[in-house]
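The values are calculated or read from the model by the stated rules, or taken from the named source; none is laboratory data. Note that this is a predicted model, so its numbers are computed, not measured. Note that each Cβ is placed from the backbone with ideal geometry, even for glycine, and that neighbours are counted across all protein chains shown. Just the protein is used for accessible areas: all its heavy atoms, side chains included, with ligands, DNA and RNA removed. Shrake-Rupley method; radii C 1.70, N 1.55, O 1.52, S 1.80 Å.
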Amino acid sequence: MAADSATLATPGLSNFAQSANGRRLFLSLGIAAAIAVMAGIWMWSQKPDYRVLFSNFNDHDGGAIVAVLQQMNVPYKYSDGGGAILVPADQVNDLRLKLAAQDLPKGGNVGFELMENQKLGTSQFLEQVNFQRALEGELAQTIQAISAVQAARVHLALPKSSVFVRDQQKPTASVLLNLEPGRALDPAQVSAIVHLLASSVPDLLPTNVTIVDQNGNLLSDSANKPGNDGLDPAQLKYVQSMQQSIASRIEAIITPIVGANNVHAEVTADVDFSHSEQAAETYKPNPTAETASVRSKQSSQTLNDNNGPGGIPGALSNQPPVPASAPINAPVAASATSNNAASNTSPAGTPEVVHKDETTNYEVDKTIRYSQQPMGGLKRLSVAVVVNYKSVTGKDGKVKTVPLTSVEKNQISDLAKEAMGYEQTRGDTLNVVNSPFAVTPEIIPQIPWWKQPANIDMAKTAGRYLLAFIALLYVYKKFVRPMFDKLMTPVHHHAHGEPMIDDDDDGSEVHLSHQENGGKTDSNYHNNLEKVKQMAKDNPKVVANVIKTWVNGNE
């Protein structure tokens with residue numbers, strides 16, 4: 001009975017719902033609810049696409065990155081078991097630059113800062129382990145500075161020092177490199193890493209360093225192995241660079257004449273990488289005395305001195321001779337005559353030549369040549385050039401291809417010789433061929449339409465919008481439309497304002513109506529009212545169902 005009384009107490013709410021103000025209120029609430037549902041479904045359908053910001057980071061870096069993202073109010077989520085941080089796709093590049101400016105992620109390698117927090121009472125073994133960890137971390141950070149290396153790990157095997165020479169062992173090192181996508185290390189870079197480690201660890205030999213990439217490829221062996229033709233990678237790279245440079249110069253100078261994509265050149269260079277030194281000393285036949293250069297000249301002669309002591313021994317004979325005197329103004333003829341007479345008669349006191357020697361030294365004609373042949377000398381060039389037919393327009397206006405004339409071919413050959421640095425004495429060869437180029441149709445792989453990326457994206461977008469439309473349609477038909485139908489259905493009242501009561505559960509009908517025909521109306525109204533009262537006493541369940549119908553807004 002309590003439930004029935006509570007149910008009977010709701011006709012006021014039903015009357016308010018059937019009134020004009022109640023209809024407006026419920027209609028506004030329904031519209032607001034429908035708009036809210038539609039907005040939620042639309043926002044769900046416009047869910048942003050998330051991309052990977054960083055992956056394979058340690059816990060310290062992950063916490064720092066998340067803290068920065070929270071400060072920036074950037075939405076994020078995790079994937080791959082927490083091994084990657086996802087952010088909206090349109091913010092990935094911007095966030096990477098901003099985090100890189102804050103030195104994030106820092107990486108998991110620990111350097112010599114590990115030695116800064118040594119505890120009191122640490123054992124010697126723990127100190128040695130920390131030192132080895134710090135050294136490995138410093139080497140890994142140094143290797144990561146190479147542009148092609150994304151991450152690196154270094155493992156050192158440092159044997160214990162021994163006082164016995166025969167028991168001493170050399171240290172070894174192993175390096176695991178995680179390279180950037182699409183990047184590779186050339187042998188010169190691998191050799192640089194090997195020598196970097198060998199120079200950083202005492203007694204570490206380059207042969208005891210092993211380098212492996214993330215795919216398991218052994219890189220350290222290829223650094224010291226020459227090519228199949230006996231050339232090391234640096235020499236092969238030098239030859240290829242020379243050939244490409246010469247071919248580019250030839251194509252660049254001929255292209256303005258024949259047009260783009262109408263000339264192709266290939267160069268084969270024979271380079272001598274041998275290193276030779278030569279010294280030569282050459283002597284030529286002695287030249288004549290007239291043309292020879294005098295180096296030194298020596299002469300000597302022996303004189304017999306006749307001006308010795310003479311006469312009677314005694315004081316007078318030991319006196320020095322009296323100086324000769326001659327008149328200053330003596331006649332010339334007399335003087336010359338006296339001189340000749342003196343030379344012929346060889347008076348006493350004039351020295352006499354007994355022996356005379358003369359030695360002349362001439363320069364020796366000698367040539368000394370010292371030559372050194374540097375590595376990488378060019379021995380021979382072989383160049384092949386193919387030129388396409390030229391296009392001309394005929395009298396009928398059609399374009400056709402015709403071969404080059406002999407004059408044009410000679411011009412192209414001369415230009416190619418100048419560009420390649422042609423030397424006949426070196427044995428260089430040049431071959432220019434004029435031939436029509438074969439046109440190969442571009443083969444585009446046929447991808448089924450359902451596998452094409454554009455169609456897949458379009459299908460995903462269409463499916464998202466279709467799902468949102470279905471959800472909106474379901475909400476409209478299930479909730480919004482029935483509510484509008486109930487609110488918009490008019491209520492029929494009798495003359496005295498009492499509603500009619502319809503009950504279809506047991507097939508009976510109860511009507512409260514007023515007639516507008518005088519007393520007959522009052523009598524019918526009272527009769528119907530008595531019937532309703534009697535029915536409420538006899539069958540309260542029917543009356544309860546009628547009231548429930550009023551409360552729910554049904555007639």
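Observations
- Residues that are at pLDDT below 90 and open to solvent by 50 Å² or more (accessible area, probe 1.4 Å), drawn from region 372-386: Gln372, Gln373, Pro374, Met375, Leu378, Lys379
- Only a single criterion out of (1) open to solvent by 90 Å² or more (accessible area, probe 1.4 Å); (2) in contact with an Asp or Glu (Cβ under 9 Å, 6 or more places away or on another chain); (3) at pLDDT 85 or above is not satisfied by Asn434, namely (1).
- Residues satisfying the stated conditions in region 60-96, i.e. assigned to a strand (DSSP E or B) and in contact with a Pro (Cβ under 6 Å, 6 or more places away or on another chain): Pro88
- Meets criteria (free of Cβ contacts under 8 Å to residues at least 24 places away in the same chain and either surrounded by 13 or more Cβ atoms within 10 Å (Cβ to Cβ) or assigned to a strand (DSSP E or B) (or both)) for Thr268: no
- Test result for Ala459, at pLDDT 80 or above, surrounded by fewer than 14 Cβ atoms within 10 Å (Cβ to Cβ) and small (Gly, Ala, Ser): yes
- Within region 264-279, if we keep just the residues that are modelled with pLDDT of 80 or more and among the small types (Gly, Ala, Ser), the residue that is nearest to Val432 (Cα to Cα) turns out to be Ala265.
- Of all residues in region 398-432, those satisfying the criterion of being aliphatic (A, V, I, L, M) and out of contact with any helix residue (DSSP H, G or I) (no Cβ under 9 Å at 6 or more places or on another chain) are Val399, Val402, Val407.
- Considering residues of region 387-423 that are among the hydrophobic types (A, V, I, L, M, F, W, C) and touching a residue at least 24 places away in the same chain (Cβ under 8 Å) only, the residue most open to solvent (accessible area, probe 1.4 Å): Leu415
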